[in-house]
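First up is the structure itself, then whatever we jot down about it.
The values are calculated or read from the model by the stated rules, or taken from the named source; none is laboratory data. Since the structure is predicted, the reported quantities are computational estimates derived from the model, not experimental observations. Every residue, glycine among them, receives a Cβ derived from its backbone with ideal geometry; neighbour counts consider all protein chains shown.
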C-alpha cells in the first residue's frame, strides 16, 4: 500500500488503456476504421462478453439489471457505502467511431487495473457501468438503459421499442443473453463520473486537454410529416401541385435558421428524411423528417421548437398541405453537481493538465445519473471535433490524461 | 360488310372496354384501388398473358421482339402495307392507377373487337402494341421498349439496366418468358396513334372531352449529390458544420423556382431523396436527389437545367461542399405529325366531341414512335388531373369517346 503522498504521483497505464480500446474496436470494426456495433446485436453481445471478461480478470463482480445495464464492482473496505461509479456505453452509431462511449467504460476499467497494480484499497467500493442503447440508432429512446435506471421512462416502454424490422428490445435482450434480474434503479450509486470525447471542436480549437463539463444542453426531438398529393411529375402544372417535399424543405431550413437565431449554443439538425413514394417522376405525396433542436436552457430550446411550429402553421395555412409535428423525446437541460465539477477541476489542476469549461451538446448517460447522485463529466479533445463518424479519432496522450483525472476524482470520492 | 355511309355511325363497345380495363387492373390491384405492376415482375407477366390471350381470342397474331415489346396483328386486305399501329404500355408506377398506359392498349384491342363485330376488313393491317417498361420505376431508362425500337439507345444498354436488387432487364425478360426473336425496330409501322389519359388537369378544367396533342415536352433528368461531413448533431456548433442536407434543400427549391420562372409549361420536380447516413442525431454527410425538368422547347428546358447548375456552382463556392450533377436521361421535345393531328381533330369533330389542343407534359411511347412514322396522340380527361397515383380515375364516357376517336382515325388511315 502506497502512502497518501505517493498517490499524488499515481498514473494510469496509458498504453494498456489504448490497447484495450483498439481490441474492443475490432468488434464491428469497419473498413474506414470506425465501428458499427448497434445496440443488442450479436456484435453488441461480443463487445459485452469481452468487457465483462476483462472485468472478471481484474477481480470484479458483474451484475446485470433487467434492461441490460451491466455493473462491474471492485469492493471497498466498507461495502455498506454506495459505490463511486463511472461508466458510459459500448453501443455505437451505424457509422460510429472507436472512442464514443467505449472510452468512458474502458477508462473505468483502467482505473481498477491501476488500483490493482498498486494494491490500493478504497473505502467505498468502485463500480464501472455500461448502459444499454445509449445511441438510440436502432431503438428509440436514446440513453435507454440509464433512462430506465433513473425512472425517466418505464421498463415496459423500453422493452416495447422496436427496430426497423419490428424486433423488440426485450426479444433482443433475451436473444443476446443480457436480460438480468436486478430491478433497474435499485442499484446504489454514491457519485457518478463519466469520461468522454468532447464530440465537438471546442477543446481542440483552444488547445486544451481537459473539458470540465458544467452541464448538458436540453434536447427536443420531433417527427414532422408533410402530406400533399402525389401526382405525375410532367403534366401537373406547377400551380396545381401539392408537393410535400417543397413545403418540407422550407421547414428543414427553418430548423437550422432558428438555431442560428439562438446562438451560441443553439443547434438544429434534420438527420433523417423519408420521401413517399420516392420515385423520380412522381411529385412527393408525403415527406417525413426528424427534427433535433438543442440549447443551453430549456427556455431557449423550447423557443426554437415554437418557431418551427409557428412556421409550420403558416405554411399549412398558405399551402393547404397538412403538417403534423409530433414530439419524440424531450431531454431537459441538466446542470452537473458543483462538488463533482470542482473535484474534476482540482484533479486536472493537480495533474498539470490545461482545462476549461465545455458545455456538452450531446446527451450522455451522465444526464440520467445526475438525477440520482452527484455527477460530473470529463471531456477530452477529439480530432476535428468529429464524432458519430468512422474517422472519429483521439490522441493517446488525451486518452491517458482524461483517465488520470478520472482516477484521481474517483480516489478522492471513494476515500482511502 | 357495311357501306362507307354506315361506318360514320360505327361506335366501339364502351362497356366491354371498361370491363377489360377493370379485369386487367385486378392484376397487381392495391387496397386503395390502384395498381402496382412494375415492369418485368411476375405481375407484369400475368398482365401480358391476359392481354395476349384476349388478342388471340380476337383472331390476332402475337409477336414479341428482343426487348419484350409485343405486337398483336389483325391482317388487312393488303398485308404488304405497313400496319397502322396503336398501343401504349401495361407496366405501372409503384402506386399507379388503372388507366395510365393500360387504356391505350385495351382501346386498341377494343377497336379490333369492334371491327370483328361488324366484319369490317381494312386495307392495311392494324396492330396493337404494348411496349416494355414505359414507366422507368424499376429500370432506367423509361420508355425502354419503344426507345430501343426507335434506336434511341441500344438493346445492350437496356439489357444491362438493373433494379435496386441488382437484377438486369435481360434476366427478368428471360425469367418471365417475354424475350422474343424479332430485332427491335425491324417491325414495320405505317402510322402510330396512342390514346392516353391526360395525366394533367387541363381538359377537366376546360370541360372538354378530347385533347388533340401537338407534341410532348422536352425532359431532362439528373442526379445531384451533395457531399459534406457527417458529425454528431449535438456538439457540432452550427458554424463548423458541413450539413449536406441544408445545401441540398436550397437546390431542391431552385428546381421548382426555375420552372416557375419559365412558365406556363415549365415543370420542376424532386421526386427521390436519399440521405446518408439517415440517422436522427447525425448531421447528413451526403444527400443524393433526382431532378426532373420539363418544358415546351429544348431551349427552355436546357435554360432551367443551366440555372440549377449555376446555383450549384455558387453554393459549392460559398459552402465548400462538393455538388455533383450528373445527367441521367434526356428526352427532346417532340412535335407530332400534322396529318395525324388533323385526322384526330376531324374524327373528334365528326363524332361530335368537344376537343382542344393539350401539350403532353409526360413522355410517352408515342415520342419514340414519332421518330419512325407519322404519329398522333389522343387525350381524355382524368379525375382531378391525377395520375401516377392509386386514386387515378377516368369517366366511362371519356374512355369510350377516346376509343371512338381512335377507331375512326385508324379506319381512315388503314383504308377500307
Exercise for review: Taking residue B:194 as meeting all but one of (1) out of contact with any helix residue (DSSP H, G or I) (no Cβ under 8 Å at 6 or more places or on another chain); (2) more than 10 Å from chain A (Cβ to nearest Cβ), write down the number of the exception.
Suggested key: (1)
**Study point:** Entirely in the range B:298-370, the helices (runs of 4 or more DSSP H) that have 2 or more residues that are touching a helix residue (DSSP H, G or I) at 6+ places or on another chain (Cβ under 6 Å), more than 30 Å from residue B:415 (Cβ to Cβ) and outside the structural domain of residue B:132 (by TED's automatic domain parsing)
**Key:** B:298-319
Point to revise | Test result for residue B:148, in a strand (DSSP E or B), at pLDDT 95 or above, under 23 Å from residue B:334 (Cβ atoms) and touching a helix residue (DSSP H, G or I) at 6+ places or on another chain (Cβ under 7 Å) | key: no
Review point. For the range A:38-92, how many residues meet the condition of being farther than 22 Å from residue A:174 by Cα and in a strand (DSSP E or B)?
Key: 6
Review point. Is it true that some residue in the range A:311-319 is touching a residue at least 40 places away in the same chain (Cβ under 8 Å), surrounded by fewer than 19 Cβ atoms within 10 Å (Cβ to Cβ), within 14 Å of chain B (Cβ to nearest Cβ) and over 21 Å from residue A:269 (Cβ atoms)?
Key: yes
Check your understanding: So which of B:67, B:27 is without any contact (Cβ under 8 Å) to a residue 24 or more places away in the chain, buried (at least 17 other Cβ atoms within 10 Å of the Cβ) and assigned by TED's automatic domain parsing to the domain that holds residue B:151?
Key -> B:27
Practice item. Please enumerate the residues belonging to the range A:75-101 that are buried (at least 24 other Cβ atoms within 10 Å of the Cβ) and either more than 15 Å from the chain's Cα centre (by Cα) or not assigned by TED's automatic domain parsing to the domain that holds residue A:405 (or both). Key: A:83, A:84, A:85
Check your understanding: Does residue A:270 fit the bill of being buried (at least 23 other Cβ atoms within 10 Å of the Cβ), more than 7 Å from chain B (Cβ to nearest Cβ) and under 24 Å from the mean Cα position of the chain (by Cα)?
Key -> no
Review point. Restricting the range A:185-219 to residues that are more than 17 Å from residue A:88 (Cα to Cα) and within 17 Å of the chain's Cα centre (by Cα), which is surrounded by the fewest Cβ atoms within 10 Å (Cβ to Cβ)?
Key: A:214
Review point. What about residue A:136, is it part of a helix (DSSP H, G or I), assigned by TED's automatic domain parsing to the domain that holds residue A:44, under 13 Å from residue A:329 (Cβ atoms) and within 15 Å of the chain's Cα centre (by Cα)?
Key: no
Review point. Which of the residues that make up the range A:251-267 are surrounded by 18 or more Cβ atoms within 10 Å (Cβ to Cβ) and over 12 Å from residue A:305 (Cα atoms)?
Key: A:252, A:253, A:265
Revision key, fill the gap. Condition set at the interface with chain B (Cβ under 9 Å from one of its Cβ atoms) and assigned to a strand (DSSP E or B), scope the range A:224-267, selection nearest to residue B:358 (Cα to Cα): answer is A:232
Exercise for review: For the range A:371-402, enumerate the residues that are in a loop (DSSP other than H, G, I, E, B) and out of contact with any helix residue (DSSP H, G or I) (no Cβ under 8 Å at 6 or more places or on another chain).
Suggested key: A:371, A:373, A:386, A:387, A:388, A:389, A:390
Review point. Here are A:138, A:170: which of them is without any contact (Cβ under 8 Å) to a residue 24 or more places away in the chain, surrounded by 19 or more Cβ atoms within 10 Å (Cβ to Cβ) and more than 19 Å from residue A:373 (Cα to Cα)?
Key: A:170
Practice item. Inspect all residues belonging to the range B:198-213 and state whether any of them is within 19 Å of residue B:70 (Cβ to Cβ) and either away from chain A (no Cβ under 14 Å) or touching a helix residue (DSSP H, G or I) at 6+ places or on another chain (Cβ under 9 Å) (or both). Key: no
Point to revise | Options A:282, A:301, A:359, A:324: the member that is within 14 Å of another protein chain (Cβ to nearest Cβ) and at pLDDT 95 or above | key: A:301
Practice item. Go through the residues of the range B:37-49 one by one and say whether even a single one is surrounded by 23 or more Cβ atoms within 10 Å (Cβ to Cβ), within 14 Å of chain A (Cβ to nearest Cβ) and modelled with pLDDT of 95 or more. Key: yes
Check your understanding: Do we find that residue B:287 is within 14 Å of another protein chain (Cβ to nearest Cβ) and either in contact with a strand residue (DSSP E or B) (Cβ under 7 Å, 6 or more places away or on another chain) or assigned to a strand (DSSP E or B) (or both) in this structure?
Key -> yes
